[in-house]
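**Student:** I am attaching a structure below and will ask some questions about it afterwards.
The values are calculated or read from the model by the stated rules, or taken from the named source; none is laboratory data. From a predicted model like this one, the values you see are computed outputs, not experimental measurements. Cβ: placed from backbone, ideal geometry, glycine included. Neighbour counts: every protein chain shown. For accessibility, only protein heavy atoms count, side chains too; no ligands or nucleic acids. Shrake-Rupley method; radii C 1.70, N 1.55, O 1.52, S 1.80 Å.
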Amino acid sequence: MAVATAVLITLTAAGCSKNGSGSSSSSSSGGSTAAAAPVALAGSVTFNQANLAKLDAALKSALAGKDLSKVDIAMVVNVAADYWKAGQVGFLKGCSDLGIDKSKCTYFAPPNGKLTEQNSELETLRSQGVTGYSISAIDPTSAAGTIHTDVQKGISVLAIDSPLPGTDAASLYLGTPNYDAGFQAGTAMKQVLGGKGKVAILVGSLTASNATQRIAGFEAALKGTQITVAQKVNDNLSASTATSDAETILANNPDVNGLYGVYSYDGPALAQAVTSAGKTSSVHIVSDDSDAQTLKFIQSGVISGTVVQMPYQQGYTGAYILAAEKVLGKDKTMSIIKPYLAKDGSTLSSGVGLVTKSDLSAYQSLESQLGIS
């Protein structure tokens, strides 16, 4: 996979550093340090393509000359959102590059983000003889039993987007280091608020690992400032609910001057609420992910910045891993993957970046190169 090096920018120090304590607790409003003046954000289009390209090449080399005719894999995500279209493109491209027929590569996004929809699809895949699937589980706890049963039957299960601790798929996670992503969002919020204010967090789940880790990182970045987290609201994977919740928060809390939207649809939902309230100049939004509407609100300045990951790579490299586990076996596949893992020994990072108005064109150029429309 060719990626132009011009858009592979080194991660800014603000995005990777953490405070000494590493605490995930909410920040205190105490302290006498004066708040700094708000500053314009400078983002970074930074991912892990170079590292993952080496891994993809190593896996493809190991698969060269092997029979892939029995590989039947799937990518199962948590909601039908624009964010996941890049993952679908990457997954199907990975299958194509490996020579796997697209009829053996199933992509599924629950239309309404419902657990019953995701579970039903897993049952269908199982009945059709799937050999492995990657999954962004809607409810990791309820998925544990299903994953255990599938792994016992020899089906490979790969956690993407959100880790699956406590399950048989806990040993490998392909996605963004979510604490780091949250920390970068908190750092951005700290900058745009000048270190002082009150924020609300809106998210599609208060229990999913990706959500809890991002919120922990966000709160850790705010420690030592005069920014407090006023509310954390679960919008249950509904953009309309997120908008309604944000409107209520703004109406009842006139001192809230920051909103953090954790899931992909939250950014546009919060932007609509702030626009309707006539508070685009006084309420700053930091979001996650690169929904098309989010990028439009970045361009207009309603959203200050959005922390982005690389779902394309979760799909592309995910296809390689699932194919390798079927053909080479899990132990051989993991031995190839091991040198590319993060220090925790289980995270295969797809990278994290921050898109602001100043580097929006660079990010869109990268998307275009990858075939993401």
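**Student:** Loop-only check: which trypsin sites (Lys or Arg not before Pro) in segment 103-179 are DSSP coil with at most 11 other Cβ within 10 angstrom?
**Tutor:** Passing both the DSSP loop test and the Cβ count: 153.
**Student:** Taking 0.36 nm per residue of sequence separation and subtracting the Cα-Cα distance, how much length would be gained by fully extending the chain between residue 361 and residue 115, in nm to one decimal?
**Tutor:** Gain on extension, residue 361 to residue 115, equals 84.9 nm.
**Student:** Also, I was wondering about something else. What 222 nm value per residue comes from the helices of the chain, counting each DSSP H run with n ≥ 4 as -39,500 (n - 2.57) and dividing by all residues, nearest 500 deg cm²/dmol?
**Tutor:** -13000 deg cm²/dmol
**Student:** Also, I was wondering about something else. Taking only Cα atoms and a 10 Å spring cutoff, compute GNM fluctuations for the chain and point out the largest among 134, 282, 156.
**Tutor:** Among 134, 282, 156, the largest mean-square fluctuation in the Gaussian network model of the chain belongs to 282.
**Student:** For segment 53-158, what is the number of Lys pairs with C-alpha distance below 19 angstrom, counting only pairs 8 or more positions apart or on separate chains?
**Tutor:** Number of lysine pairs found: 18.
**Student:** Points 7 angstrom from Cα along the Cβ direction at residue 69 and residue 96: gap in nanometres?
**Tutor:** 2.4 nm
**Student:** Residue 51 versus residue 331, label points 7 Å from Cα toward the beta carbon: distance in nm?
**Tutor:** About 2.7 nm, to one decimal.
**Student:** Also, quick follow-up: Accessible area of residue 82, 1.4 Å probe, to the nearest 10 Å²?
**Tutor:** The accessible area of residue 82 comes to roughly 60 Å².
**Student:** Given a 1.4 angstrom probe, what's the average accessible area per residue across the chain, in square angstrom?
**Tutor:** The answer is 39 Å² per residue.
**Student:** For residue 139 and residue 275, what is the calculated FRET efficiency with R₀ set at 35 Å and r taken between the beta-carbons, to the nearest 0.05?
**Tutor:** 0.60
**Student:** Just the number, please: percent antiparallel of the DSSP beta bridges in the chain, rounded to the nearest 5.
**Tutor:** Of all bridge pairs located within the chain, approximately 10 percent are antiparallel.
**Student:** Between (1) 84, 49, 46; (2) 93, 54, 31; (3) 64, 42, 38, which entry matches Cα extents along the principal axes in Å as derived from the coordinates of this structure?
**Tutor:** (3)
**Student:** Then there is this: Report, ordered by chain and residue number, the lysines lying within cross-link reach of residue 190, taken as a straight Cα distance under 25 Å and ignoring same-chain residues fewer than 8 apart.
**Tutor:** Those lysines meeting the cut-off are 18, 198, 223, 232, 279, 296, 357.
**Student:** Follow-up. Computed FRET efficiency, Cβ-Cβ of residue 282 and residue 233, R0 30 Å: what is it to the nearest 0.05?
**Tutor:** Efficiency for this residue pair is about 0.90.
**Student:** Set the Förster distance to 35 Å, then compute FRET efficiency between residue 103 and residue 338 from the Cβ-Cβ distance, nearest 0.05.
**Tutor:** Plugging the Cβ-Cβ distance into 1/(1 + (r/R0)^6) gives 0.65.
**Student:** Want the number for residue 127 to residue 296: 0.36 nm per residue separation, take away the alpha-carbon distance, what's left?
**Tutor:** 56.7 nm
**Student:** Let me see the P(r) profile for segment 118-191: every Cα-Cα distance counted, bins of 5 Å, each bin given as a percent of all pairs.
**Tutor:** Percent of pairs per bin, in order: 3, 16, 24, 21, 13, 8, 6, 5, 3, 1, 0.
**Student:** So for the pair residue 171, residue 240, with labels modelled 7 Å out along Cα→Cβ, what separation do we get in nm?
**Tutor:** Each label point lies 7 Å from its Cα, and together they span 4.5 nm.
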